[in-house]
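See structure below.
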Amino acid sequence: MKRLIWLVVGLVCATALQAETQAERWNRFADQVYQLHLKIITAQPTRSEESTHAYEGDMAKNYTYRETQFFSVGSNKLLSKLRVDQSDPSKRYYLEANVLDSQGRVARDYIALYLPWAMSQPARTFISLHAYPGELHAFRQFNATGQRILEICEGRLQGKKVMLLFEEADLDKTPEASEAYRACFGGLPVQVGEFLNSQ
């Protein structure tokens, strides 16, 4: 009987731990995106552009934010973006950090988005892995739990225009045998793997 009770207690605790895990994981991810942003903007000369905005809609109408975009001085590429509460900058509503490849293209981007009225954990998290095969630009997107949520590819393949879009509900129906799909996504990992931690 005691064993059964401990088993039930263990299952309840495990379930509670799993419920906490996403919030903890996504908040940790947001912190890592912020740290990556700091690392990127201190590693090279940057310039910034700042603007203020108000959210729209009934839930958000009382919230205003300051958005700062950071660009590379050399290439003028967007390196990162932050949106913070206009009166309390410690409240970060949106964090974005872009890792560029040797040609100045986005190789990976990381985003965490909080709702101003629900700051206990990010509402959305995104990790996008990019590839540039030939005249194509493809990216595969995951959330901070590692779940694949989006695939997009556009450009030209053998002189023909390519535009592929697979949202989360369609990802199990992707035409993996098609030439365009293989050309677009063949070089991208199917799982986020090591890139789950922003780097």
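Taking the residues in the range 22-77 that are of a type in the set (Lys, Arg) and assigned to a loop (DSSP other than H, G, I, E, B) as candidates, determine which candidate is least open to solvent (accessible area, probe 1.4 Å).
Residues of the range 22-77 that are of a type in the set (Lys, Arg), as a first pass: 25, 28, 39, 47, 61, 66, 77.
After this cut, where a residue has to be assigned to a loop (DSSP other than H, G, I, E, B) as well, the list is 61, 77.
On the way: Lys61: 124, Lys77: 84 Å².
By that ranking, first place goes to Lys77.
Being hydroxyl-bearing (Ser, Thr, Tyr), open to solvent by 40 Å² or more (accessible area, probe 1.4 Å) and modelled with pLDDT of 95 or more: is that true of Tyr132 here?
Considered against the rule, which asks whether it is hydroxyl-bearing (Ser, Thr, Tyr), open to solvent by 40 Å² or more (accessible area, probe 1.4 Å) and modelled with pLDDT of 95 or more, Tyr132 comes out as yes.
Which pairs have Cβ atoms under 8 Å, sit 6 or more apart or on different chains, and link a residue in the range 173-199 that is within 20 Å of Val162 (Cα to Cα) to one that is open to solvent by 60 Å² or more (accessible area, probe 1.4 Å) and not in a helix (DSSP H, G or I)?
Note: pairs meeting the criteria are Arg182/Glu176; Ala183/Gly134.
The values are calculated or read from the model by the stated rules, or taken from the named source; none is laboratory data. Just so it is clear, the model here is predicted, and its values are computed rather than measured. Here the Cβ is made from the backbone with ideal geometry for all residues, glycine too, and neighbour counts use every protein chain on show. Side chains included, ligands, DNA and RNA excluded: accessible areas come from the protein's heavy atoms. Shrake-Rupley method; radii C 1.70, N 1.55, O 1.52, S 1.80 Å.
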